[in-house]
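Single-structure report; data block below.
The values are calculated or read from the model by the stated rules, or taken from the named source; none is laboratory data. Treat the numbers as computed from the prediction; the structure is a model and nothing was measured. Cβ: placed from backbone, ideal geometry, glycine included. Neighbour counts: every protein chain shown.
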Amino acid sequence: MSQAEIIDGKAFAATLRARVADYAATFEQSAGRKAGLAVVLVGEDPASKVYVASKGKATLECGMASFEHKLPEDCDQATLLALVDRLNADPMVDGILVQLPLPRHLDEQAVVARISPDKDVDGLTPTSTGRLALGLPGLVPCTPLGSLMLLKDRLGDLSGKDAVVIGRSILVGKPMAQLLLAENCTVTIAHSRTKNLAQVVRRADIVVAAVGRPEMVKGDWLKPGACVIDVGINRLAPAEGQNRGRLVGDVDFDDALPVAGAITPVPGGVGPMTIAVLLRNALVAAHRNAGVALEDGAL
Ligand code: GUN
């Protein structure tokens with residue numbers, strides 16, 4: 001029986017990071033300073049702490065300056081907004097990422113909206129979101145852009161393909177749909193209220209699963225040969241005698257393998273692309289902020 005090609009996101013991300021490092025060095029020579037990325041972490045969420053630490057490490061590894069700001073769990077809205085204002089005004093900072101989710105007493109939308117669109121490496125401000133919807137150039141959310149890069153690398157021209165995005169989050173589902181639309185796909189956004197989800201998914205040449213439900217998408221939901229991008233990262237309950245459960249995606253990988261044409265694994269698929277694209281976005285922002293030219297499509 002034929003098996004899907006396993007898309008190696010880790011290798012693709014490593015290549016992109018190496019390219020970012022090359023351009024970061026050239027940028028430093030032209031601008032007389034390093035490109036800088038600031039990451040803000042509020043509170044003690046264990047997963048967020050791990051993400052923030054790996055973002056900081058990756059930033060340094062590609063030759064950019066990393067500024068980490070940690071605020072206590074009980075930090076108030078005004079303090080956080082004042083920090084964002086300070087980073088907006090800091091000429092050494094090209095990109096600002098406020099790690100989400102924020103503690104519940106804080107107004108996430110207001111904090112994100114305060115980030116200068118020129119430094120919005122997450123592509124989440126109303127300006128960035130609007131630019132994406134309007135088809136104007138701007139910074140695009142990292143996970144969807146990384147997913148699109150993997151799709152184009154595997155499929156080439158996406159024009160006319162049927163794409164189903166499962167999930168409608170601001171971070172992934174909605175921007176993913178916009179990006180696929182801009183590539184001339186016929187796009188369906190499915191979500192928790194979608195009827196006959198399996199049937200909807202079965203139409204798709206491209207499936208992007210971003211719902212946060214472990215192994216929800218089964219092999220018999222897929223059109224044979226479909227290209228499957230699994231954005232989910234879910235930790236299962238630990239097996240007897242283990243202290244950590246297995247990481248799985250939103251797609252039942254083993255079940256999908258004999259049906260799909262290509263599929264991203266979890267871990268090692270989309271995950272590594274998110275950080276690589278974050279670094280890419282920070283460097284693109286740095287060029288714009290410093291007025292240093294960067295040829296179209298260089299990164
Ligand atoms: N939390 C999980 N993913 C992300 C992301 O891409 N950006 C931010 N800011 N927070 C996140």
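Brief remarks on what is shown
- Selected residue (criterion: farthest from A276 (Cα to Cα)) from residues of the stretch 90-105 that are within 13 Å of the ligand (Cβ to nearest atom) and buried (at least 16 other Cβ atoms within 10 Å of the Cβ): L102
- Filter result for the condition that a residue is in a helix (DSSP H, G or I), surrounded by fewer than 19 Cβ atoms within 10 Å (Cβ to Cβ), under 20 Å from the mean Cα position of the chain (by Cα) and more than 16 Å from the ligand (Cβ to nearest atom), over A78, A21: A21
- Of the candidates V164, V93, the single residue that is in contact with a helix residue (DSSP H, G or I) (Cβ under 7 Å, 6 or more places away or on another chain) and closer than 30 Å to V207 by Cα is V164.
- Test: residue in the stretch 35-57 that is among the hydrophobic types (A, V, I, L, M, F, W, C), exposed (fewer than 15 other Cβ atoms within 10 Å of the Cβ) and more than 17 Å from the chain's Cα centre (by Cα): no
- The condition (being closer than 18 Å to L278 by Cβ, in contact with a strand residue (DSSP E or B) (Cβ under 7 Å, 6 or more places away or on another chain) and not basic (K, R)) is satisfied by just one residue among L87, L80: L87.
- Total residues in the stretch 123-155, condition farther than 14 Å from N281 by Cα and hydrophobic (A, V, I, L, M, F, W, C): 8
- Single residue of the stretch 14-48 satisfying the filter (touching a Leu at 6+ places or on another chain (Cβ under 9 Å) and of a type in the set (K, R)) that is nearest to G268 (Cα to Cα): R17
- When the test is whether a residue is among the small types (G, A, S) and at pLDDT 95 or above, S116 passes it.
- The listed residue being touching a residue at least 12 places away in the same chain (Cβ under 8 Å) and in contact with a Lys or Arg (Cβ under 7 Å, 6 or more places away or on another chain), out of L41, L37: L41
- Yes/no for L132 being touching a helix residue (DSSP H, G or I) at 6+ places or on another chain (Cβ under 7 Å) and either within 16 Å of the ligand (Cβ to nearest atom) or in contact (Cβ under 8 Å) with a residue 24 or more places away in the chain (or both): yes
- Condition broken by L60, with the remaining ones in (1) modelled with pLDDT of 95 or more; (2) under 21 Å from D107 (Cα atoms); (3) more than 17 Å from the chain's Cα centre (by Cα) satisfied: (2)
- Taken over the stretch 245-299, the criterion of being buried (at least 21 other Cβ atoms within 10 Å of the Cβ) and touching a Ser or Thr at 6+ places or on another chain (Cβ under 6 Å) is satisfied by V270, T274.
- Index of the failed condition, K174 passing every other in (1) assigned to a loop (DSSP other than H, G, I, E, B); (2) surrounded by fewer than 24 Cβ atoms within 10 Å (Cβ to Cβ); (3) within 16 Å of the ligand (Cβ to nearest atom): (1)
Residues are listed down the side, and each one gets a yes or a no for (1) more than 16 Å from the ligand (Cβ to nearest atom); (2) of a type in the set (A, V, I, L, M):
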| residue | (1), (2) |
| --- | --- |
| L124 | no, yes |
| C142 | no, no |
| K152 | yes, no |
| G156 | yes, no |
| K161 | yes, no |
| G167 | no, no |
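- In the stretch 260-276, residue farthest from L150 (Cα to Cα) [restricted to those that are out of contact with any strand residue (DSSP E or B) (no Cβ under 8 Å at 6 or more places or on another chain) and assigned to a helix (DSSP H, G or I)]: I275
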